[in-house]
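Okay, structure first, notes after.
The values are calculated or read from the model by the stated rules, or taken from the named source; none is laboratory data. In this text the structure is predicted, and so the values were computed from the model without any measurement. FYI the Cβ positions are ideal-geometry reconstructions off the backbone, even for glycines, and counts take in every protein chain you see. Note: accessible area is taken over every heavy atom of the protein model, side chains too, but ligands, DNA and RNA are not part of it. Shrake-Rupley method; radii C 1.70, N 1.55, O 1.52, S 1.80 Å.
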Amino acid sequence: MSWLQAMVLAVVQGLTEFLPISSSGHLRIVSELFFGADAGASFTAVTQIGTELAVVIYFAKDIVRLVAVWFRGLFNAEVRRTQDYRLAWYVIVGSIPIGVLGLLFQDYIRSTFRSLWVTGAMLIVFGVLMGLAERFGQQRRNQERLQLRDGVVMGFAQSLALIPGVSRSGGTITAGLTLGLDRPTAVRFSFLLAIPAVFAAGLSEIPHVFEPSGQGLQPSVAQMVVATVVAGVVGYAVIAWLLRFVERHSVYLFVWYRIALGLLVFALLGFGVMQP
């Protein structure tokens, strides 16, 4: 991997990680279209550590509060009746599906699921599903009305993002809207839900990203570190923008973008401009 490739892919990761348009799908498309090779599942997972650090910094007060309340609640029945204690458990429970499925299907994640035909199809299918959720979701419940069911369903939706093109935030936001959560609540919970799973996945992939025989472009240690930092800085700015955006606008912008990009991927594959 060259430094140009590392920086371009890092910026793409930071720009797309929190938007419901699939960061792994964009990394797959950009690396193939402009560099003629797959960036690799491991590179994607490790750079996500940087973007998740951006979440930790942005939501530091919320995270510290939830962690403190969770530990106090283990020994205090009154604390266990608070919404913050329950929210902490919802994040824990919702993080389990992607961890289990990621281990079970890791070979497919590195190979079959990374086909650009799959990526294009997932961009379109889950774009349509997001549009339907925006159109028909009641959006009546805020964070104070989150339930265990929300954590479980959104956790399974997050696990679908193991397939490039689905989008972790897109899947969880779609599930949240379908369950009746308002947009800001679905987005904020999506961010919190990602922290345990993405950190675990990124740390577990660090050894694989430097394997000479591994799939994808091979970065140096310095390139990987810098790319992760760059992705985190760009991602922090995107978090702030997206939270303001969803308070005033629907997600239809992302729906139409996903469909258009999916169709473009199909066209480029069909004309042989990109290889699947």
Note, residue 165: beta-carbon cut-off 9 Å, +1 each Lys/Arg, -1 each Asp/Glu, net +2
Share of accessible surface on carbon and sulfur in the stretch 3-271, whole %, 1.4 Å probe and ligands ignored, is 70 percent
With -39,500 (n - 2.57) per DSSP H segment of 4 or more residues and division by the full residue count of the chain, the 222 nm estimate, nearest 500 deg cm²/dmol, is -25000 deg cm²/dmol
If each K or R counts +1 and each D or E counts -1, the residues other than residue 130 whose Cβ falls under 14 Å of its Cβ total +3
Projected onto the charge dipole of the chain (unit charges on the beta-carbon of Lys, Arg, Asp and Glu, signs +1, +1, -1, -1), the Cα from 3, 113, 34 with the largest positive-side position is that of 113
Calculating semi-axes √(5λ) of the Cα gyration tensor in Å from this structure picks out, from [x] 40, 20, 16; [y] 31, 22, 16; [z] 28, 21, 17, entry [y]
Computed over the chain, the relative contact order (Cα-Cα under 8 Å, seq sep at least six) in percent reads 36 percent
With residue 52 itself left out, Lys, Arg at +1 and Asp, Glu at -1 over residues whose Cβ is under 15 Å from its Cβ give -1
Taking a probe of 1.4 Å and leaving out DNA, RNA and ligands, the stretch 3-271 shows per residue an accessible area in Å² of 44 Å²
